[in-house]
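Presented below is the structure to which this report refers.
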Amino acid sequence: MRSTRFFTIVISIALVVFALTAGSRAARQPETMTSPALVAEYHVVEPAAESSNPTDQGGGIKENIPSKYTTRYQEWKDEFLATDAGKQQWAYYANNPNFTLKIEISRQNAEGATTGNYAWNSAGKLTAATITLGVRLDEGYPNPIYFPVMNSLGPSDSSAKIAGVTLAATKLAHEFGHVNRTAKVDPALYQLQGQLIPEYNKIFLNNGRNANDPRLVEMVNRIGGTPVEIWEDREYWGEANAMAFLRDRFSEDNLRCSLFNRIRQSVDLYARNYEDRFVQIAQATPSHKMCGWR
């Protein structure tokens with residue numbers, strides 16, 4: 001298992017190099033790209049964080065959806081709100097006068113989504129974030145390495161076909177997971193990571209890929225991990241929230257267990273160190289059926 005995880009990390013680093021040099025979609029980002037290519041191919045690029053929120057945005061959820069996309073967006077939103085997890089999280093942000101959550105739709109990154117434009121006040125409290133959804137959010141299945149939950153919804157001979165609207169709502173849940181988690185982290189550390197990860201990648205790509213370089217070791221100590229480890233942690237929090245949505249969405253044990261088993265297989269392969277956060281979701285299933293999770 002350790003060798004599998006080592007191989008995964010090596011592949012992720014190699015793909016960062018590829019993304020910076022090849023003509024792929026991810027490679028069209030600036031050379032200071034902070035996320036691994038397998039993350040970037042779904043999120044594309046995270047909007048820059050702000051150190052403070054200079055204006056009063058009024059609080060609540062602000063939906064900026066062009067009229068031609070209103071119908072599909074409403075279907076995705078209704079599906080998200082069909083679950084307890086979705087309703088609770090939506091209500092929390094909609095009724096929070098001290099936090100503004102913007103939701104937008106973009107033709108760029110059509111099958112993906114991203115969350116960013118985070119802002120904090122002088123007390124270190126998160127006060128704003130923006131979720132940007134692709135216009136074809138109900139299509140496309142991200143890779144299983146960083147997105148084991150969303151990937152589990154892909155076509156399979158052993159499970160029923162999942163509707164595109166559910167896929168879109170799962171992706172929305174993933175983005176809400178990012179907002180939920182970022183509200184709990186140290187804003188100074190988050191912003192420091194944003195500053196130093198591009199520098200880490202630049203040094204790594206020019207020193208013969210030597211992770212033991214003293215400059216890189218110092219950066220790792222300052223930002224709490226390697227860039228790959230930091231992005232793993234962020235994405236798996238998003239995926240844990242997506243799993244909570246699916247737990248609530250499917251009350252029938254057979255279908256839910258089919259999905260949970262697929263999630264578990266990917267977590268076993270690629271995210272073993274983060275298994276606990278997924279186990280906690282499985283444990284909270286109303287029927288108490290763990291679907292193979294221990």
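The values are calculated or read from the model by the stated rules, or taken from the named source; none is laboratory data. Quick caveat: nothing in here was measured; it's all calculated off a predicted structure. Backbone-built Cβ (ideal geometry, glycine too); neighbour counts: all protein chains shown.
Miscellaneous remarks
- Counting the residues of segment 188-214 that are part of a loop (DSSP other than H, G, I, E, B) and farther than 15 Å from Glu229 by Cβ gives 6.
- Selection from segment 151-187 of residues that are in a helix (DSSP H, G or I), of a type in the set (Gly, Ala, Ser) and either farther than 20 Å from Arg264 by Cα or more than 13 Å from the chain's Cα centre (by Cα) (or both): Gly164, Ala168, Ala169
- One residue stands out in segment 68-104 among those that are part of a loop (DSSP other than H, G, I, E, B) and in contact with a Ser or Thr (Cβ under 9 Å, 6 or more places away or on another chain): the one that is surrounded by the fewest Cβ atoms within 10 Å (Cβ to Cβ), namely Asn98.
- Thr226 vs. criteria surrounded by 15 or more Cβ atoms within 10 Å (Cβ to Cβ), in contact with a Lys or Arg (Cβ under 8 Å, 6 or more places away or on another chain) and not aliphatic (A, V, I, L, M): no
- Residue list for segment 174-203, restricted to those being farther than 27 Å from Met243 by Cβ and in contact with a Leu (Cβ under 9 Å, 6 or more places away or on another chain): Tyr200, Asn201, Ile203
- Only one entry in Thr34, Thr100 is at pLDDT 50 or above, touching a Pro at 6+ places or on another chain (Cβ under 6 Å) and not charged (D, E, K, R), namely Thr34.
- Gln195 meets the conditions (1) touching a Lys or Arg at 6+ places or on another chain (Cβ under 7 Å); (2) surrounded by fewer than 17 Cβ atoms within 10 Å (Cβ to Cβ) in every case but one. The failed one is (1).
- Among the residues here, Ser258 does not qualify as free of Cβ contacts under 8 Å to residues at least 60 places away in the same chain and farther than 24 Å from Lys184 by Cα.
- Candidates Leu216, Leu189, Leu205, filtered to the one that is among the hydrophobic types (A, V, I, L, M, F, W, C), surrounded by 15 or more Cβ atoms within 10 Å (Cβ to Cβ) and free of Cβ contacts under 8 Å to residues at least 40 places away in the same chain: Leu216
- Enumeration of residues in segment 56-87 that are in contact with a strand residue (DSSP E or B) (Cβ under 8 Å, 6 or more places away or on another chain) and either without any contact (Cβ under 8 Å) to a residue 24 or more places away in the chain or of a type in the set (S, T, N, Q) (or both): Gln57, Asn64
- For segment 105-121, a residue qualifies if it is farther than 20 Å from Val39 by Cβ and surrounded by fewer than 18 Cβ atoms within 10 Å (Cβ to Cβ), and the qualifying residues are Arg107, Asn121.
- Filtered residues of segment 122-158 (kept if touching a residue at least 40 places away in the same chain (Cβ under 8 Å), surrounded by fewer than 19 Cβ atoms within 10 Å (Cβ to Cβ) and closer than 21 Å to Ala240 by Cα): Asn143, Asn151
- Pick from segment 45-77, criterion closer than 20 Å to His178 by Cα and among the acidic types (Asp, Glu), ranking: modelled with the highest pLDDT: Glu63
- Filter result (modelled with pLDDT of 95 or more and of a type in the set (Asp, Glu)) within segment 249-294: Asp268, Glu275, Asp276
- Test: residue in segment 284-292 that is under 20 Å from Thr182 (Cα atoms) and out of contact with any Gly (no Cβ under 9 Å at 6 or more places or on another chain): no
- Within the option set Arg272, Arg247, being surrounded by fewer than 20 Cβ atoms within 10 Å (Cβ to Cβ) and either touching a Lys or Arg at 6+ places or on another chain (Cβ under 8 Å) or polar (S, T, N, Q) (or both) holds for one residue only, Arg272.
- Selection of segment 105-142 for residues being closer than 15 Å to Leu167 by Cβ, part of a strand (DSSP E or B) and touching a helix residue (DSSP H, G or I) at 6+ places or on another chain (Cβ under 8 Å) yields Ala113, Leu133.
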